[in-house]
1. What nm distance separates the two modelled labels at Val23 and Thr45, each placed 7 Å from Cα along Cα→Cβ?
2. Which net charge results for the neighbourhood of Leu113, defined as the other residues with beta-carbon distances under 14 angstrom from its beta-carbon, given Lys and Arg at +1 and Asp and Glu at -1?
3. Taking a threshold of 27 Å on the Cα-Cα distance, which of the pairs Lys27/Lys100; Lys18/Lys86; Lys11/Lys86; Lys11/Lys97; Lys27/Lys86 fall above it?
4. At Arg118 and Gln71, where each label point lies 7 Å from the Cα along Cα→Cβ, what is the point-to-point distance in nanometres?
5. How many percent of DSSP beta bridges within the range 3-127 run antiparallel, rounded to 5?
6. With a 1.4 Å probe and every protein chain kept in, tell me what percent of the accessible surface of the range 3-127 is carbon plus sulfur.
Amino acid sequence: MVKILFLTNDKKFYYDGKRIKEVKYIKDLNGVEVRFARPMIVYDTDLPLSYFVEELGDVNLGDYTLNQLTQILYFNNSIVYVNHEKKEIEIFVEGGKVIKLPYSSLPLLRYYLAKIGRILLESISFEYLETLSYSKIDELFLSDEALSEIPTTVSRSYFRSLRRKLINNILNMLVIRRK
């Protein structure tokens with residue numbers, strides 16, 4: 001069973017293989033994969049969703065047409081996650097269904113998904129986390145103890161060496177702190 005915790009700078013979403021929910025904390029982290037993410041960049045247009053369904057509905061996106069995808073996304077809770085490093089797009093649908101789409105469909109999806117909504121996330125790199133720098137990292141992830149070990153300017157290699165510590169602190173924060 002797939003268990004994934006999606007961490008963004010202001011929200012945490014949990015997919016346990018069946019359900020999708022926004023969480024403040026998680027009691028059991030055994031077997032949970034942590035994915036750092038940010039809201040997906042989408043491009044809204046004046047075109048309604050009906051345009052995509054009527055005009056582009058037969059376009060194949062991997063094993064699904066846009067019409068089939070619309071039926072799934074419109075009537076079910078889901079998380080769309082774009083992993084830029086692995087060049088893959090995954091859609092986690094409540095009920096345990098995972099849909100994989102070709103990465104090449106991302107330009108179209110950025111317009112289409114603006115009309116569907118739901119939880120739209122894309123992976124972030126350590127370079128992006130680096131740009132958050134000291135002020136944002138302490139706010140998002142770190143305990144006071146770990147914070148004292150990070151200088152104002154964080155080098156990429158030093159940041160990578162703290163990766164495990166960051167993840168452990170995030171997980172501890174999720175378990176211990178309640179908002």
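The values are calculated or read from the model by the stated rules, or taken from the named source; none is laboratory data. Here the structure is a predicted model, which means the values were calculated and not measured. All Cβ positions, even for glycine, are placed from backbone atoms using ideal geometry, and neighbour counts span all protein chains on display. In case anyone asks, the SASA skips ligands and DNA or RNA and just uses the protein heavy atoms, side chains included. Shrake-Rupley method; radii C 1.70, N 1.55, O 1.52, S 1.80 Å.
1. 3.8 nm
2. 0
3. Values: Lys27/Lys100 29 Å; Lys18/Lys86 24 Å; Lys11/Lys86 23 Å; Lys11/Lys97 23 Å; Lys27/Lys86 29 Å.
Cα-Cα > 27 Å for Lys27/Lys100; Lys27/Lys86; rest within.
4. The modelled label-to-label distance comes out at 1.4 nm.
5. Taking every DSSP beta bridge within the range 3-127, about 75 percent pair in antiparallel fashion.
6. 47 percent
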